[in-house]
1. So which of B:Val29, B:Val75 is crowded, with 21+ Cβ neighbours inside 10 Å, among the hydrophobic types (A, V, I, L, M, F, W, C) and over 17 Å from the mean Cα position of the chain (by Cα)?
2. Return only the number of the condition from (1) farther than 16 Å from A:Gly135 by Cα; (2) more than 9 Å from chain B (Cβ to nearest Cβ); (3) surrounded by fewer than 18 Cβ atoms within 10 Å (Cβ to Cβ) that A:Thr248 does not satisfy.
3. Does at least one position in the range A:211-232 carry a residue that is part of a loop (DSSP other than H, G, I, E, B) and either aliphatic (A, V, I, L, M) or surrounded by fewer than 21 Cβ atoms within 10 Å (Cβ to Cβ) (or both)?
4. Which residues, taken from the range B:298-336, are more than 12 Å from B:Pro259 (Cβ to Cβ) and part of a loop (DSSP other than H, G, I, E, B)?
5. Between A:Leu114, A:Leu41, A:Leu29, which is closer than 15 Å to A:Pro303 by Cα and either among the polar types (S, T, N, Q) or in the same structural domain as A:Leu325 (by TED's automatic domain parsing) (or both)?
6. How about the range A:44-83: which of its residues are more than 30 Å from the chain's Cα centre (by Cα) and surrounded by fewer than 13 Cβ atoms within 10 Å (Cβ to Cβ)?
7. Are there helices (runs of 4 or more DSSP H) fully within the range A:1-80 with at least 2 residues that are at pLDDT 80 or above, touching a Ser or Thr at 6+ places or on another chain (Cβ under 8 Å) and farther than 30 Å from A:Asn320 by Cα? List them.
8. What is the number of the single condition among (1) within 11 Å of chain A (Cβ to nearest Cβ); (2) crowded, with 19+ Cβ neighbours inside 10 Å; (3) part of a loop (DSSP other than H, G, I, E, B) that B:Pro191 does not meet?
Amino acid sequence: MAAFVVRRLLGAILMLFIVSIATFAIFFLVPRLGGATADDLASRYVGKSAGAAQIHQMAEKLGFTDPLPVQYGHFVTGLVAGTDYSTGPTTVHCPAPCFGYSFITQNPVLPDLLDRLPVTLSLAAGGATIWLVFGVATGVLSALRKGTVFDRAAMGVALAGVSLPIFFTGLLSLSIFSYTLGVAAPGNSYTPITENPLLWAYDLILPWFTLAFLYAAGYARLTRAGMLETMNEDFIRTARAKGLPERTVVVKHGLRAALTPIVTIFGLDLGLLLGGAVLTESTYSLPGLGKYAVDAIVNNDLPKVLGVTLIAAFFIVFANLIVDLLYAVIDPRVRVA
Amino acid sequence: MSDWWNPDTARPFLDVRDLRVRFTTDDGVVKSVDGLTCSLERGRTLGIVGESGSGKSVSSLAVMGLHRTATNASVSGEIWLDGEELVSADDEHVRRLRGKKMAMIFQDPLSAMHPYYTVGDQIIEAYRIHHQVTRRVARKHAVEMLGRVGIPRPNSRVDDYPHQFSGGMRQRAMIAMALSCDPELLIADEPTTALDVTVQAQILDLIRDLQREFGSAVVIITHDLGVVAELADDVLVMYAGRCVERGSAEAIFRSPAHPYTWGLLGSMPRLDRERSERLLPIRGTPPSLINVPGGCAFHPRCGYADLTGGASASEVPRLTEDQARHWVACHLGAGQRSRIWHDEIEPNL
């Protein structure tokens with residue numbers, strides 16, 4: 001087991017390394033291959049009226065004139081050991097892990113990321129709780145009442161949930177619950193949980209449910225399919241033959257066995273979301289990682305994009321690792337091999 | 001001797017009367033069991049024999065009340081267990097009897113045990129539903145049960161998962177689970193079918209020994225006449241959801257009276273027969289239970305249907321007591337059947 005964990009951790013680090021190369025290549029190598037010079041790249045980060053000398057100076061300052069491997073080496077060194085950056089007249093030390101400085105605001109990226117992370121974390125955690133509870137519960141009930149009005153209605157709603165995009169359900173719920181009924185925050189606001197938990201929940205309730213609706217739908221369908229399968233298993237018949245109450249049969253024996261794929265998907269979904277719930281954050285103007293990434297992309301602020309990408313990749317790789325480890329906990333048959 | 005509390009002293013311990021089990025499917029109504037009547041006393045073993053789909057398992061599941069959760073199943077008739085009628089009893093009452101008064105062993109112990117819980121946990125669970133004891137006590141009991149069914153080192157094996165057991169050990173564990181509450185009726189549904197031949201004999205021995213020890217009534221369901229010969233006191237032969245022949249094991253093996261039973265005996269390989277001789281399989285295939293052939297359900301496959309003068313195709317034969325405690329449902333006359341058995345069938349087996 002320990003060897004397995006170490007092997008997976010090393011694999012995770014390698015994976016992050018590859019992601020960083022790929023991301024770096026996309027933003028710095030591809031434009032070069034397209035024929036753009038260092039000055040061309042730098043021209044985006046100076047004023048419109050800047051002269052050639054000014055642009056070239058910017059290109060040197062941002063390091064565009066160095067060969068690409070050197071640029072990448074600089075980036076990785078910063079990540080691992082920290083590095084020094086010159087911001088005009090002064091030189092600033094950026095301690096490890098240094099994600100670099102914004103090309104536009106000259107602010108270091110990492111504090112920005114750490115600033116945005118709690119928002120995304122709050123959104124993902126709340127949404128995930130809601131969709132897990134509602135999705136799984138609906139799926140179980142649907143499976144047990146297969147073919148009834150409840151099942152049909154629930155699966156119809158689930159189909160809608162999977163199909164409707166966030167910017168539609170999000171705007172619709174904003175219009176109904178916030179603007180018409182006035183029972184939820186109108187978006188564009190976030191209160192840290194440490195400051196005021198009630199206000200935190202009030203601000204996030206609509207985003208939570210919007211996000212949860214999309215995911216709950218998928219989980220309901222997945223749970224229903226899994227339950228329909230496991231409830232036909234021989235061990236369910238055995239559980240009933242022992243004289244167990246039906247509730248125990250369904251939850252302890254049926255749901256427990258149907259849970260494996262759900263846990264897998266849940267881990268991956270959560271990992272993916274932690275890298276930024278782009279649509280939800282944009283729809284509700286929440287200052288999370290997703291919104292940050294979108295803004296950075298619009299502004300061509302490459303260090304920021306690189307930073308978010310790496311954070312997102314970290315969460316996905318990490319979630320994968322957790323899911324693999326959880327597998328062994330959930331399914332004893334995986335443990336021995 | 002055991003009937004002093006039972007007002008209906010004539011009633012056997014297990015008494016099934018005119019049991020019918022139907023399943024409504026998209027293709028039509030499946031008549032899995034169509035008027036089954038049988039009985040069993042404590043300490044006796046009843047073997048139910050028949051091909052796949054003859055209704056053996058479905059009738060035993062009906063006794064256990066396990067069709068109650070299936071929305072498309074309907075069970076009618078009477079099932080009396082120890083003087084109590086179960087078909088009309090409420091779900092909760094039958095649930096409390098399940099596992100305690102009557103228990104069941106299934107065919108494939110790998111799929112019949114939950115893969116995510118240890119063998120011990122599953123036995124503990126079975127015990128604790130019916131006994132208000134602490135986990136520790138139940139665990140001690142589980143270890144004891146595992147030891148009793150012949151699992152070596154039960155103290156450590158109790159914490160193993162089903163997949164860590166061999167097939168035979170798993171079936172032993174399944175038996176330990178079924179017997180953990182000391183049931184008075186034990187139903188074994190093809191308990192040896194999924195096992196190696198060498199292990200089959202051990203499991204059968206185990207069931208027999210435990211039956212002597214616990215004094216339970218045992219129903220053993222099988223398509224293997226060897227198993228029946230080994231264990232059963234009484235035999236019931238089922239075909240297309242109906243009983244076609246019933247009697248003591250000795251009577252059934254010594255003078256089987258129904259053409260279907262002859263067919264079953266003829267399809268059994270025997271060591272004392274020349275290898276070049278072919279088995280005598282029953283021709284044709286088991287009938288659809290949605291459109292059961294009219295008259296005697298076996299008549300399209302029966303080699304002697306012509307001798308009944310058309311009765312076998314038009315009339316369902318009644319189960320009649322041919323000889324003492326030996327019932328047969330066949331249109332052929334008793335003398336006729338006896339002659340065919342002695343002249344044509346027995347010499348060729």
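1. Exactly one of B:Val29, B:Val75 is crowded, with 21+ Cβ neighbours inside 10 Å, among the hydrophobic types (A, V, I, L, M, F, W, C) and over 17 Å from the mean Cα position of the chain (by Cα), namely B:Val75.
2. (2)
3. Yes, the range A:211-232 contains a residue that is part of a loop (DSSP other than H, G, I, E, B) and either aliphatic (A, V, I, L, M) or surrounded by fewer than 21 Cβ atoms within 10 Å (Cβ to Cβ) (or both).
4. Listed by number, the residues that qualify are B:Gly309, B:Gly310, B:Glu315, B:Val316, B:Arg318, B:Leu319, B:Ala324, B:Arg325, B:Gly333.
5. None of the others qualify; the one that does is A:Leu114.
6. Passing the criteria: A:Gly47, A:Lys48, A:Ser49, A:Gly51, A:Ala52, A:Ala53, A:Pro67, A:Val70.
7. Ranges flagged: A:52-61.
8. If we test B:Pro191 against (1) within 11 Å of chain A (Cβ to nearest Cβ); (2) crowded, with 19+ Cβ neighbours inside 10 Å; (3) part of a loop (DSSP other than H, G, I, E, B), just (1) comes out false.
The values are calculated or read from the model by the stated rules, or taken from the named source; none is laboratory data. Remember, it's a predicted structure, so these values are computed and weren't measured experimentally. Please note: Cβ atoms are built from the backbone with ideal geometry, for glycine as well, and neighbour counts cover all protein chains shown.
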